[in-house]
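Remarks on the structure that follows.
Readers should treat all values here as calculations from the given coordinates under stated rules, not as data from a laboratory. Only a predicted model underlies this, so the values are computations on that prediction, with no experimental measurement involved. Cβ atoms come from the backbone with ideal geometry, glycine included; neighbour counts cover every protein chain shown.
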């Protein structure tokens, strides 16, 4: 008889324990659904184009370089590009990091050089100086001489930087800068790069093209 009472007592104890467990789960579920009912809906998102990997400047992004990113509608950068945007002829003005949303400001505009000007890629020896530049800066370009007695010759004044495509710049290879300049200035620069070292100085608006 005592054994039967013991079994019955254990059974009742197990039933009470399971009841408490079920009651606790029911209370937790009730709290969860109550909070879900009063919680605001997540903010709407908008699909935008972003870089799928680190991209250098001076290139036209392909479909493999891009991915779709969903951002809250209230956090969209100005001029952000949407999926389906035609980038077939759009050239990146500067490097872009992986995951960065793409905006119109990241690309060269179709008339970037300006009327009567051409785009000229120029490799400068001092990569550290080029690292200080930003697209849109105005620079003076000088041809440095090998002797300390002569002053560097001014080749171009106030030309505009329109792209900084070289992400592999180094002290040994220099860095690439793309400028907008007149045909005459481009001709002088092309000749100077064959036998002189070019350097630059930041300046204000140009006095001539």
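Pulled fully out, how much extra length does the chain show between residue 193 and residue 119, if you take 0.36 nm times their separation in residues and subtract their Cα-Cα distance?
Values: separation 74, 0.36 × 74 = 26.64 nm, distance 1.58 nm.
Here the segment from residue 193 to residue 119 would lengthen by 25.1 nm.
Gain in length, residue 173 to residue 97, computed as 0.36 nm per residue apart minus the alpha-carbon separation, to one decimal in nm? Don't skip to the end; give the middle numbers.
Working: separation 76, 0.36 × 76 = 27.36 nm, distance 2.25 nm.
This chain segment gains 25.1 nm when fully extended.
Would you mind getting me the FRET efficiency between residue 28 and residue 128? Use the beta-carbon distance for r and R0 = 41 Å, nearest 0.05. List each step's numbers first, then the result.
Numbers: r = 61 Å, r/R0 = 1.49.
That gives a FRET efficiency of 0.10.
How would you classify region 45-106 from its alpha-carbon gyration tensor, with a ≥ b ≥ c the square roots of the eigenvalues: rounded for a/c under 1.5, else prolate if a/b is greater than b/c, otherwise oblate?
Details: a/c = 1.66, a/b = 1.65, b/c = 1.00.
The shape class here is prolate.
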